[in-house]
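The block underneath contains the structure these notes are about, expressed in structure tokens.
The values are calculated or read from the model by the stated rules, or taken from the named source; none is laboratory data. Quick caveat: nothing in here was measured; it's all calculated off a predicted structure. Virtual Cβ from ideal backbone geometry, glycine too; neighbours counted across all protein chains shown.
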Amino acid sequence: MRLRADPVQGVVRLGLPARGGAAAAAQLLADHQGWLCNQVARWPAPLPFVPGAAIPFDGGTLHLEWAPNNARTPRREGDLLFVGGPQSMLAGRALRWLKAAALAELTDATHRYAAMVARPVAQVRVADPRARWGSCATTAGRIAYSWRLILAPPMVRNNVVAHEVAHLVHPNHGPQFHALLRQLDPNERAARAWLKAHGAGLHWVGREEPGPQAPDPGR
Ligand SMILES: [Zn+2]
């Protein structure tokens, strides 16, 4: 039986054996109630794309400046992202703009690092995976990233890119892979630490729902 509080999706999972186990599950929950409350209380808050929202972006903050008369195509000026049109379209427009910005940045960085290892890149794309920040199909030369990396500082993003590009040479996580990664990017430790501390929060950016209600922590 396995109990897990997932800070990325904001769900609690309890794995049960195929037959029975309800009583044992209730006992497990009771035994771990304090732990569970603590975990859930630490989940990030949703950060919906609403007027005035402050979105983490590229190591800084991007403020959503919405007004119906602004141009409908988002336009960035420094820390401000101007978006117009109906407010109901704001979230979708902001999301598309962020994904396009992510793709442009990540494509650039990927080609930069791939040139260092002299490997061709057939395709770079962005998606919204929950479990990983990047993936690489070594022989096909295709690399995919989480678009949410544009919300992270460049140091973090570049480390993920260096990691995936190193997979163009070594498909595994063996010593040669790590030697190459260290050569490509010296910030492995800092980048991993940042993602461990803040990675889950990036998955709450653009979330509309307030998330599952956290239980009252033990009072
Ligand atoms: Zn890897």
- [ ] Please go through the stretch 180-190 and pick out each residue that is touching a His at 6+ places or on another chain (Cβ under 9 Å), more than 10 Å from the ligand (Cβ to nearest atom) and not in a loop (DSSP other than H, G, I, E, B).
- [x] Leu180, Leu184, Glu188
Task: Any pair with Cβ under 8 angstrom, 6 or more apart, that starts in the stretch 157-180 at a residue that is touching a residue at least 60 places away in the same chain (Cβ under 8 Å) and assigned by TED's automatic domain parsing to the domain that holds Trp133 and ends at one that is near the ligand (Cβ under 9 Å from one of its atoms) and hydrophobic (A, V, I, L, M, F, W, C) - done: Leu180/Ala166
- [ ] Pairs only if they're at least six apart or on different chains, beta carbon under 7 angstrom, first in the stretch 119-140 and closer than 25 Å to Trp204 by Cβ, second of a type in the set (Phe, Trp, Tyr) and within 15 Å of the ligand (Cβ to nearest atom); list them, first residue then second.
- [x] Val126/Tyr145; Trp133/Tyr145; Gly134/Tyr145
Task: Some residue of the stretch 42-58 being in contact with a Phe, Trp or Tyr (Cβ under 9 Å, 6 or more places away or on another chain), exposed (fewer than 13 other Cβ atoms within 10 Å of the Cβ) and closer than 30 Å to Gln123 by Cα - done: no
Open item on the list: Suppose the filter is β-branched (Val, Ile, Thr) and outside the structural domain of Trp194 (by TED's automatic domain parsing); does Val83 pass it?
Closed with: yes
Open item on the list: Quick check on my filter: what residues within the stretch 144-167 are within 11 Å of the ligand (Cβ to nearest atom) and more than 19 Å from Phe57 (Cα to Cα)?
Closed with: Ala162, His163, Glu164, Val165, Ala166, His167
Open item on the list: Looking only at the stretch 104-118, count every residue that is of a type outside the set (Ser, Thr, Tyr), without any contact (Cβ under 8 Å) to a residue 60 or more places away in the chain and in contact with a helix residue (DSSP H, G or I) (Cβ under 7 Å, 6 or more places away or on another chain) and tell me the total.
Closed with: 4
- [ ] Mind telling me which of the residues Arg148, Arg119, Arg130 ends up being under 22 Å from Arg192 (Cα atoms) and either over 17 Å from the mean Cα position of the chain (by Cα) or in a helix (DSSP H, G or I) (or both)?
- [x] Arg148
Task: All strands (runs of 3 or more DSSP E) inside the stretch 1-105 with 2 or more residues being at pLDDT below 95 and of a type in the set (Val, Ile, Thr) - done: 11-15
